[in-house]
Amino acid sequence: LMKKIFYSIIATAAFVAMPAMAQDAQETVSDFENIPTVKFNSDGFYRGDSLDVNGNKVEGTPMPWDPKSLYWVCDYEQAPITYDLIFDHSVTKYGTFDSTTGVGVSKVSDNTYKYKTGDYANIVGGGYKSETFGVVMGKKVGFTIAKGSRIKGLYLTNNMRVVDIMKKGKYGGKGKLSKEGAFFKVIIQGAKFDKKGNDEEIDGATVEVMLGEFKNGAIQLLDTWKYIDLSSFPAEAQRIIFKFDGAKESYGDYTVIDEKCCIDNVTTVAVAAGIENVANNANAVEVARYNVNGARLNTPQRGVNIVKMSDGTTRKEIIK
């Protein structure tokens, strides 16, 4: 009896002291506010380019294969997330052309499409309960989550350049959503790093969000900040990347509409190494078992056992 009581007390204490493994996991929200390395230009957005007093580009790191320093890696961090950002400062015989691939930062409050600011504006007119927000630009770009944390969800809405094309089209009307069934959507994909450090997409870790579609004789647009639940993504999804689909009638496999959307309040939760905690599945079976220190167990042991199920969920068992 004394032995049973002892193990029961230890198990209860361990349960209370395990916030990272179980209940009350600590959440962190990346709201794009007050990031030290992000410096807004006079138009109210940051895309990686900052100039010194002589007009020289000083932010970021030049690509090692680029002797002319035209491509700058300007990745920035708001822990535990590191956002992709590459600034392209191209000089050609026709002039200088700047562009960005990755996740820019904006505080543009106008919700109309205008030259310069329209690519960094959203349909709502500001961030989700804050001034700033992120602007995803380009295919298969996104952010990296540090080990020890996992994605929970984020808010997403339409970019105004995208809205303008969906309504009016470009290059003579191409990309305009005006036929029944026409659409444009963003695909949020969970991925992990392969042996070469490239993104390896994880099967089943995918959420699609419709940005616009022509339905029942009218165009319907995502015009609010919509919460996107990504908590079903496995803990190994250290990379969250954005892909786009739709409006391909003129360019085959290439979308006519600019590949952009806006995000905010990217939420992550702390997790214990090797232990996951996602939605329940009634048909799940046990696939692994751990003690409170995260060590793998071959058989049930006295004390608190953390049981990992085949659907990725975890549960606690107290063995007396």
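Taking a sphere under 10 Å around the Cβ of TYR155 and counting the other residues whose Cβ falls inside, with K and R at +1 and D and E at -1, yields a net charge of 0. Here is the list for segment 97-204: GluC sites (Glu not before Pro) lying in DSSP coil, each with at most 11 other C-beta atoms within 10 angstrom of its C-beta, are GLU180. Estimated at 0.36 nm per residue, the fully extended path between GLU27 and ALA270 surpasses their Cα-Cα distance by 86.8 nm. Relative protection proxy for 157-164, 296-303, 74-81, from highest mean packing down: 157-164, 74-81, 296-303 (other beta-carbon atoms within 10 angstrom).
Values in this text are rule-based calculations from the coordinates and carry no lab data. Just so it is clear, the structure is predicted and the values come from calculations on it, not from any experiment. With ideal geometry, Cβ positions are generated from the backbone for all residues, glycine too; neighbour counts draw on all protein chains shown.
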